[in-house]
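J.: The structure under discussion is supplied below as structure tokens; questions concerning it will follow.
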Amino acid sequence: QVQLVESGGGLVQTGGSLRLSCTASGRTFSSYTMAWFRQVPGKERECIAAMSWSGASTDYANAVKGRFTISRDNAKTTVYLQMNSLKFDDTAVYYCAASNSGGLLLNMKYSYWGQGTQVTVSS
């Protein structure tokens with residue numbers, strides 16, 4: 001199992017940047033596919049970025065492609081989400097998640113979740 005704790009959320013103006021971090025406990029972090037999801041009230045949680053266990057493969061939702069970058073440091077058991085050119089519509093609770101299932105990065109089953117961190121983009 002792995003426990004996940006996000007940090008780095010907050011309030012930022014349109015066009016600004018934030019970096020989210022997600023630190024995992026457990027000795028098998030490097031074997032998990034890691035992802036970032038976000039959710040706004042009344043909508044389903046959506047997977048916006050994911051990275052394979054090795055870091056060799058990444059995938060992004062169209063809404064964030066070119067603006068967000070996922071990365072990981074297996075030595076620090078941490079995954080990051082660098083968010084640039086933030087828009088009002090990026091306002092959401094952001095969650096990191098871990099998977100040891102197979103399949104497409106954005107669509108696989110993620111079994112482990114953090115508690116979420118709020119990101120608010122002011123217009």
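The values are calculated or read from the model by the stated rules, or taken from the named source; none is laboratory data. Quick caveat, the model's predicted, so the values are computed rather than measured. Backbone-built Cβ (ideal geometry, glycine too); neighbour counts: all protein chains shown. These area figures cover heavy atoms from the full protein model, side chains too; ligands, DNA and RNA do not enter into them. Shrake-Rupley method; radii C 1.70, N 1.55, O 1.52, S 1.80 Å.
J.: Give me the pairs: first residue in the stretch 1-25 and part of a strand (DSSP E or B), second residue surrounded by 13 or more Cβ atoms within 10 Å (Cβ to Cβ) and among the acidic types (D, E), beta-carbon distance under 8 Å, and six or more apart or on different chains, which are they?
T.: L20/E6; S21/E6; C22/E6
J.: Of all residues in the stretch 1-22, which are surrounded by fewer than 17 Cβ atoms within 10 Å (Cβ to Cβ) and aliphatic (A, V, I, L, M)?
T.: Within the stretch 1-22, V5, L11 qualify.
A quick yes/no check of all residues on (1) assigned to a strand (DSSP E or B); (2) at positive phi; (3) open to solvent by 50 Å² or more (accessible area, probe 1.4 Å):
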position	(1), (2), (3)
L81	yes, no, no
L86	no, no, no
V93	yes, no, no
A98	yes, no, no
G102	no, no, yes
N107	no, no, yes
Q115	no, no, yes
Q118	yes, no, yes
V121	yes, no, no
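J.: Another question about this same structure. Being farther than 16 Å from R72 by Cβ and touching a residue at least 60 places away in the same chain (Cβ under 8 Å) is the filter here, so list the residues in the stretch 109-123 that pass it.
T.: Within the stretch 109-123, the first condition is being farther than 16 Å from R72 by Cβ, and the residues that meet it are 109, 111, 113, 115-123.
Correct list: W113, Q115, G116, T117, Q118, V119, T120, V121, S122, S123.
J.: Any idea which of (1) open to solvent by 30 Å² or more (accessible area, probe 1.4 Å); (2) over 16 Å from W113 (Cα atoms); (3) touching a Ser or Thr at 6+ places or on another chain (Cβ under 7 Å) is the one T77 doesn't satisfy?
T.: (2)
J.: Would you say S25 is under 13 Å from L106 (Cβ atoms), surrounded by fewer than 13 Cβ atoms within 10 Å (Cβ to Cβ) and of a type in the set (G, A, S)?
T.: Details: under 13 Å from L106 (Cβ atoms): no; surrounded by fewer than 13 Cβ atoms within 10 Å (Cβ to Cβ): yes; of a type in the set (G, A, S): yes.
It is false that S25 is under 13 Å from L106 (Cβ atoms), surrounded by fewer than 13 Cβ atoms within 10 Å (Cβ to Cβ) and of a type in the set (G, A, S).
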